[in-house]
Amino acid sequence: MTRPVDDVPISLSVAEMRTARDEIQRFLLEYRFGMQEIETKISILREEFRSMHDYNPIEHVTSRVKSPDSLVDKVARKGIDPDFDSIRTHITDIAGVRVTCSFTADAYRLYDLLTQQADITVRVVKDYIAEPKPNGYKSLHVIVEVPVFLSTGPVSVPVEVQFRTIAMDFWASLEHKIHYKYDGAVPADLVASLKDAAVTAAALDDRMERLHRELHGPHPYGASLRV
C-alpha cells in the first residue's frame, strides 16, 4: 500500500518528478548538440592551423552545459517564468564554449573566423577586452546561434563563446575560486589584489604580444572588432 503525502500518493509524485526530469534533460540536450556544433567548428580551425600554418592561435578549448540545478537557480534569480519558451528567450548561456588564445589579437581573429561562417548568426557581442569590467576582467564574449538538425526538424540553439588569453584565463579561474570560497562576500583587500593581478595579467599580455610581433612581424589582425 502506498503511503500518501498531503493526499498525493508517493508513486504519483515520483512519476511526476521523473517526467519533469526527462523534459529538462530533453531540453538541455538541444544545447549540448549546439555546443558540440561549435566545438566541431573550433576543432576544424585548430587542426587547419596545426597542419597548414606556422602558428596556431588556439591553446585549448573547454565547454559546458548548465546542470538542471544551475539552470533552475538562474531561473529563480532572474525571476523568469519557469517554462521552456521563456527560458529559451531570456537565458542564452545555457551552453558555453571557452577558447583560450595566446594573444589578445587572436581572440578577434578567431571571432572573425567563427562568426563569418554561413550558418552562424551573431546575437550579442560583449567586448570586455576593449572595455574591461570594473574588476579588471578582460575577455570577448559572443552569443551565437547555430542550427541543430534533429529528427523532428532543425532548431536554432544559442551558445555563448568566450575568447580569452592564457593570462586572463588563469586570472578568471582564480577569481572564480575566491568568490566561491567567500560566497561572493570577498574581503576588500582581496578584491584590490585581484584588480592589481588583472592589471598585471593585461600588461603581460601586451608585453608578450609585442615580443611575438618582433619575432614574426605584425599580426594579421589588430585589436578591433568587426561585427
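Table for the structure above
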| read-out | value |
| --- | --- |
| Rounded to 5, the percent of DSSP beta bridges in region 75-185 classed as antiparallel | 75 percent |
| Net +/- balance of residues flanking Val148 in space, Cβ distance below 12 Å, scoring K and R +1, D and E -1 | -3 |
| Projected-area average for region 4-216 over all orientations - Cα convex hull basis, square nanometres | 15.9 nm² |
| Along principal axes, Cα extents of region 71-196, largest first, whole Å | 54, 37, 21 |
| Long-range HN-HN contacts of Phe103 with modeled amide H, under 5 Å | none |
| Relative contact order (percent, whole number), region 30-118, Cα cutoff 8 Å, 6+ residue spacing | 39 percent |
| Mean Kyte hydropathy of -1.0 or more with a Cα span along the axis of at least 30 Å, helices from DSSP in the chain | 10-52, 188-216 |
| Within straight-line cross-link reach of Lys133, lysines at Cα separation under 28 Å, skipping those fewer than 8 residues along the same chain | Lys66, Lys74, Lys78, Lys177, Lys181, Lys195 |
| Cα-derived Rg to Rh of region 123-214, Kirkwood definition | 1.13 |
| Efficiency of FRET between Gln117 and Ala192 - r from beta-carbon atoms, R0 35 angstrom, step 0.05 | 0.25 |
| Choice from Lys41, Lys177, Lys138 showing the highest fluctuation, given a GNM over the chain with Cα pairs closer than 10 Å | Lys177 |
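A short reminder: the numbers here are calculations on the coordinates, not readings from a lab. Just so it is clear, the model here is predicted, and its values are computed rather than measured. Cβ atoms come from the backbone with ideal geometry, glycine included; neighbour counts cover every protein chain shown.
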